[in-house]
Structures are given as structure tokens and as C-alpha cells.
Amino acid sequence: MNAQFRFSDSISLIRNIRTSGTITPSSKRLIRKLLGPIDFKEARYIVELGPGNGCVTRALLKRMHPECRLICFELNSDFILQLNSLNDPRLHIHNVCASSIREVLDQLDIIEVDHIVSSLPLALIDDDVVVNILASVKANLRVGGRFLQYQYSLKNYSDLIPMFRHVKLKFTLRNMPPAFVYECIK
Ligand SMILES: C[S@@+](CC[C@H](N)C(=O)[O-])C[C@H]1O[C@@H](n2cnc3c(N)ncnc32)[C@H](O)[C@@H]1O
């Protein structure tokens, strides 16, 4: 269980199960596996999709270079309040769908990003929205950048293979529920 776990986070996840897709925040072990491929010395722009209570966000901020910016996309307004309380000048939080990456990057004058980290429950999101999100991920990632996504099933794995130069699949039992991690290299 994550050290920053709060009972109210689970309540919020359960209340919004159709968009959260889970009942507990990600474990430290899963977060370590998810963020493992990122070269934090080099990265200057990272996007996070579906930050929720901010457990992955805090881990990113802890590792990030002082000049790196983190741009988050979250639909749930309860979580937006929590994320705003992180109060870090490197953090940009947007209460919009993950398919709006281009619009937000335009507002921030950012051409492309180094990495995109996602906790989105792709298996529960409508197929046409997933198509838009994945197209936007690919279009806004620099060549050589990583799309890092965890999931509880392999439902969208086959969508990713033709989109990226290389897709590595990992798995951890040390999460509730156990999770697959995709490392997709553009
Ligand atoms: C499984 S929770 C992840 C929470 C946290 N990152 C973690 O790993 O524990 C997924 C989050 O994605 C958000 N979400 C779902 N669909 C979204 C979308 N289309 N755009 C942005 N956020 C979305 C939900 O509100 C929820 O907070």
C-alpha cells in the first residue's frame, strides 16, 4: 500500500469506479516499476494522465530535475483539489480529458514532451476516446520518448504494438490488484 494512502482516497476511487477503475491508489512497487525507464536527469517535460490522489505525481516530483515541468490531466474535481495542494511550481494541473494534450501544450508553449505516464483505466474508457487519447499521446511525444502505462488487464496491449517502435511488457504482483506495466518507446 502507498505510504500516502488515505481512506478518503479509496472512498473517492470507489465512488467514481467507472472512471477510476480501482479501489486503492497504486503501490510504491508499481510506481517504481512504472517510472523506472525515465531518465530524470535529461527529462524537461513530462505529462501525467489520470494522477488521481497524486501518488504517482509525488513520486515524479521527488525525482524530477528542478527545471522539469509536469503537466497533469485529471477529470475528477475532488482529486484536482488534492493535486493543487501539492503546491509545486513545476506542476501544471488541468481538469480536462487526457485527449486534450495538444490544446494544453499549446497554452504552455510546449512543442513535445519527453515522457507520458498514464494511470488511465483504458479498459473502462469508451473505445473512440481511447483512440483519441492514444493518438494524442503518440503525436505529442518526442522521438525516443516513453509512454508508460499500467493496467489490470491486457485489453489494450495489442493497440499499442503497431503504434510504437518497441513495447515492453512487465508485471507486478505487489499491487492491489496485480498490474501489467507497458513501456512504449516512440
Ligand atoms: C486508477 S486512477 C489512478 C490514480 C493514481 N494515479 C494511482 O495510480 O493510484 C485513474 C484516474 O484517471 C482519471 N481519469 C479517468 N478517465 C480520464 C480521462 N479521460 N482524462 C483524465 N483523467 C481521467 C480518474 O478520474 C482517476 O483519478
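Numbers at a glance
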item	result
Within the range 39-86, tally of residues that are aromatic (Phe, Trp, Tyr) and either surrounded by fewer than 14 Cβ atoms within 10 Å (Cβ to Cβ) or away from the ligand (no atom under 11 Å from the Cβ) (or both)	2
Flag if Ile133 is touching a helix residue (DSSP H, G or I) at 6+ places or on another chain (Cβ under 6 Å), over 19 Å from Leu61 (Cα atoms) and of a type in the set (A, V, I, L, M, F, W, C)	yes
Identity of the residue in the range 113-142, in contact with a Leu (Cβ under 9 Å, 6 or more places away or on another chain) and in a strand (DSSP E or B), that ends up surrounded by the fewest Cβ atoms within 10 Å (Cβ to Cβ)	Asp114
Residue that is farthest from the ligand (Cβ to nearest atom), among those in the range 23-38 that are of a type in the set (Val, Ile, Thr) and at pLDDT 75 or above	Ile38
Failed item, numbered, when Ile80 is tested on (1) farther than 21 Å from Leu134 by Cβ; (2) touching a strand residue (DSSP E or B) at 6+ places or on another chain (Cβ under 9 Å); (3) in contact (Cβ under 8 Å) with a residue 24 or more places away in the chain	(3)
Count of residues meeting criterion [over 27 Å from Ile23 (Cβ atoms) and touching a Phe, Trp or Tyr at 6+ places or on another chain (Cβ under 7 Å)] in the range 136-163	1
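The values are calculated or read from the model by the stated rules, or taken from the named source; none is laboratory data. Quick caveat: nothing in here was measured; it's all calculated off a predicted structure. Quick reminder, even Gly has a Cβ in these numbers, built from the backbone with ideal geometry, and neighbours come from all protein chains shown.
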